[in-house]
Amino acid sequence: MIFDKLKYKPINMLPVSGKITSVSPSNIALVKYWGKKPVQIPTNPSISFTLKNCHTQTSISFKKSNSFTFDFKIDGKSEKSFIPKIESFFSRIKDFTPFLFEYQIQINTNNTFPHSSGIASSASGFSALSLAITQLEQKITGFSNEDKYLKASYLSRLGSGSASRSLYGPCAIWGFHKDVINSNDEFAIEFQNIHSNFKNYQDTILLIDKGIKKVSSTDGHNLMHNHPFSKERFSQANKNLKDTISILEKGDVNKFISVTESEALTLHAMMMTSNPYFILMKEGTLSVIEKVWEFRKSSDIPLSFTLDAGANVHLLYPEKYKQTVLNFIEKELIVYCENQQYICDEVGSGANIINENYA
Ligand code: 2P0
């Protein structure tokens, strides 16, 4: 039984103290998660590319104590605005990780991507923290590496839905789909079977607007309740998920473009047709999309875009066109980027532990 794997079954003494360091990447959804039920159950399945360069490194230092406390620092500084989401995360995982609450914990974290760049750090942040926690659990319970990742994905989901997908690369699927074996709403599963056309696929992220979003993702998800198009959207996402799996397996780059661009625009169409309605794209977002379409038509290079819940544009393309696309960005697209900033990333392999010690 898969849910038996999530139970805490100690066989060893708890370490008195120690420190565990993990690294976990961000991810970009190809079929989007937009809409959820309590607690953190998606209303449709999603699939993502795991990234490589945009990642979070997190260390937890822990010391046995009579009462649970935690302190959180990002780039060496206390950041109060993160505390409520971390507190909520700890209260949600308590029944699954009782050992954690026998410690005082210091969390130190830093991101490789710039602060306030509009790139969600919650996916990389919660997955890195969750993997460090399940690494400690492995020390106490001796469970397998496979179960360690499964449980890390489960815990990550309780921090931020999309974080559940960051554990695995090159792709991860989160959410139940009737035709995908082992798919479920509680944690993501890895999807390895991608065609060589998608190996090292590039994601160059154009930072169009680095400001704080006017509507949070959590509020956006909630607006899918009572949304006039939600039923159609959820059934479309189920179809797109199945199609995307087949496209990734067969290496069909043209179909990949049509499904993923449609997903990006549908995500934003859902926002524009919510009540209340809102728009997260900026003028630069639309200008870049127009330019990408022109470039694709004139060059025959399969450059496409996808969008997250924000104004930034993720440009997706095969590695062999990297220099040509970077030249195009420098010449035609950089004018739309705030402070001329963009980030070069590509498909990566997921989260890892990089250091651990115990006393
Ligand atoms: C996704 N997004 O699939 C979609 C596409 C944004 C657009 O998941 O409330 O930060 O923490 O579960 O995971 C962003 O939402 O939201 C997101 P919570 P999350 O990547």
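The values are calculated or read from the model by the stated rules, or taken from the named source; none is laboratory data. Remember, predicted model here, so these are calculated numbers, not experimental data. Cβ atoms come from the backbone with ideal geometry, glycine included; neighbour counts cover every protein chain shown. These area figures cover heavy atoms from the full protein model, side chains too; ligands, DNA and RNA do not enter into them. Shrake-Rupley method; radii C 1.70, N 1.55, O 1.52, S 1.80 Å.
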Quiz item: Residue separation times 0.36 nm, minus the C-alpha to C-alpha distance between LYS7 and SER81: what's the value?
Solution: 23.5 nm
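Mind giving me the FRET efficiency for TRP293 and GLN106? R0 is 56 Å, r the Cβ-Cβ distance, nearest 0.05 is fine.
Values: r = 49 Å, r/R0 = 0.87.
The computed FRET efficiency comes out at 0.70.
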Quiz item: What share of all Cα pairs of region 196-346, in percent, falls into each consecutive 5 Å distance bin?
Solution: 2, 9, 18, 20, 19, 16, 11, 5, 1, 0
Quiz item: Label 7 Å along Cα→Cβ of ASP71; region 6-21 residues with amide nitrogen under 19 Å?
Solution: 17-21
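Within region 93-240, what whole-number % of the accessible surface is contributed by carbon and sulfur, with the 1.4 Å probe and all protein chains included in the calculation? Kindly include the intermediate steps, with their values, before the conclusion.
Numbers: 2800 of 5740 Å².
Of all accessible area on region 93-240, carbon and sulfur atoms account for 49 percent.
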Quiz item: Is there a pair in LYS94/LYS148; LYS9/LYS139; LYS148/LYS242 whose C-alpha atoms are over 19 Å apart, and which pairs would that be?
Solution: LYS148/LYS242
Quiz item: Karplus couplings for region 256-269 from phi (6.51 cos²θ - 1.76 cosθ + 1.60, θ = phi - 60°), rounded to Hz, Gly and Pro as x?
Solution: 4, 4, 5, 6, 6, 5, 4, 4, 4, 6, 5, 3, 6, 5
Quiz prompt | When each of LYS210/LYS322; LYS36/LYS151; LYS210/LYS255; LYS36/LYS291 is checked by Cα-Cα distance, pairs over 26 Å | solution = LYS210/LYS255; LYS36/LYS291
Exercise. State the answer as a single residue: which of PHE234, GLN340, MET270 lies farthest towards the positive end of the charge dipole of region 196-346, with beta carbon charges of +1 for Lys and Arg and -1 for Asp and Glu, about the Cα centre.
Key: PHE234
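Under the definition of Cα pairs under 8 Å and six or more residues apart, what whole-number percent is the relative contact order of the chain?
Numbers: 760 pairs, mean separation 92.0, N = 359.
Relative contact order, the chain: 26 percent.
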Quiz item: At a probe size of 1.4 Å, how large is the accessible area of SER262, to the nearest 10 Å²?
Solution: 50
Quiz prompt | 1.4 Å probe accessible area per residue over the chain, in Å² | solution = 44
Quiz item: For region 75-143, which trypsin sites (Lys or Arg not before Pro) are in a loop by DSSP, counting at most 12 other Cβ atoms within 10 Å?
Solution: LYS94
Quiz prompt | Karplus (6.51, -1.76, 1.60) ³J(HN,Hα), θ = phi - 60°, over region 90-97, in Hz, Gly and Pro reported as x | solution = 4, 5, 6, 8, 3, 5, 8, 9
Quiz item: With labels modelled as points extended 7 Å from the Cα through the Cβ direction, what inter-label distance (nm, one decimal) is found for THR273 paired with ILE334?
Solution: 3.9
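Please find the FRET efficiency linking ASN327 to THR218, where r is the Cβ-Cβ separation and R0 is fixed at 30 Å, and quote it to the nearest 0.05. Kindly include the intermediate steps, with their values, before the conclusion.
Numbers: r = 39 Å, r/R0 = 1.29.
Efficiency, rounded to the nearest 0.05: 0.20.
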Quiz item: Under a plain spin-label model, where a point goes 7 Å from the Cα along Cα-to-Cβ, how far apart in nm are ASN352 and LYS255?
Solution: 3.3
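Which whole number in µm²/s is D for the chain by Stokes-Einstein, with the Kirkwood Rh taken over Cα pairs at 4 °C and 1.567 mPa s?
62
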Quiz prompt | LEU30 long-range amide H proximity, modeled H, under 5 Å | solution = ILE47, SER48, PHE49
Quiz item: Comparing ILE301, ILE208, ILE105, which has the greatest mean-square fluctuation in the GNM of the chain with Cα pairs linked when under 10 Å apart?
Solution: ILE301
